[in-house]
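Presented below is the structure to which this report refers.
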Amino acid sequence: MRLLVATRNPGKVRELRDILAAYPRLDIVGLEDLGVPESPDEDAVEAFQTFEENARAKARYYTALTGALTLADDSGICVDALGGAPGVRSRRFAGEVESRGLRQDEANNRHLLRLLAGVPPERRTARYICAAALAGGGWDDVYVGECRGVVLDAPRGTGGFGYDPLFYLSEEGMTFGELLPARKSEVSHRGRAVRAAAEALLSERRG
Ligand code: IMP
């Protein structure tokens, strides 16, 4: 079964491909494999206030464009001491730095640390949330995964992407920036959501 993994974020692409490698019946293709050029319309698609709605909108957009059964991920970090911010605004929390990549991630992390300056460890709790949406071939469904941790006051590790060097899991004794990628996928919001989507795909006939 061919599945388009529709994201332009290199960190997400890596993780989604790793997670889905456990399902050899799924033939994974990316936007570049289908020759889908980057368009300014893509950003306008995820204009909603919830991860679920954004993920669904992205999956519907790319299946309409390509005709392929599509999986799209909308995700972010929700920090309790900030009333759940940045949430669906995680990607550009510090304002737009450059279109994508390391400098944006670094600016977001610095911004988050500034906002949490002086907040004690017990009040620095946060959740990563991932909504993985399927669209096309009779599918129009969203699966949500969550992962709880604490925002440290300085980065640790260079793995993962985004807020990972600040996101500490007490059960692991490490940040997502320090954890091996395979272990991150086992316990992460993305791992949980995407495995639920893959298992549904492989266990139900639709369309
Ligand atoms: P989206 O592309 O609108 O879904 O934005 C996702 C943003 O949330 C990313 O750019 C990161 O800033 C953050 N994010 C989501 N998942 C992760 C993760 O697994 N690690 C680190 N940051 C993440």
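In sequence order, the stretch 52-63 has phi-based couplings of 4, 5, 5, 5, 4, 5, 5, 5, 5, 4, 6, 6 Hz under the Karplus curve 6.51 cos²θ - 1.76 cosθ + 1.60, θ = phi - 60°, and Gly or Pro positions carry x. Stretching the chain fully between Arg103 and Asp33 yields a gain of 22.5 nm (0.36 nm per residue, less the alpha carbon separation).
Between Leu152, Leu166, Leu134, the Gaussian network model of the chain with springs among Cα atoms under 10 angstrom shows the greatest mean-square fluctuation at Leu152. Across the stretch 2-203, the fraction of Cα-Cα pairs farther apart than 25 Å, rounded to a whole number, is 34%.
Peptides 66-78, 153-165 ranked from most to least packed by the mean count of surrounding Cβ atoms within 10 Å: 66-78, 153-165. Considering only Tyr61, Gly95, Ser39, and ranking their Cα positions along the charge dipole of the stretch 20-101 that arises from unit charges at the beta-carbon of Lys, Arg, Asp and Glu, the one farthest toward the positive end is Tyr61. Taking every alpha-carbon pair under 8 Å whose residues sit at least 6 apart, the chain reaches a relative contact order of 20 percent.
No value in this document is a laboratory result; all are computed from the given coordinates. Just so it is clear, the structure is predicted and the values come from calculations on it, not from any experiment. Glycine also receives a Cβ, built like all others from the backbone with ideal geometry; neighbour counts cover every protein chain displayed.
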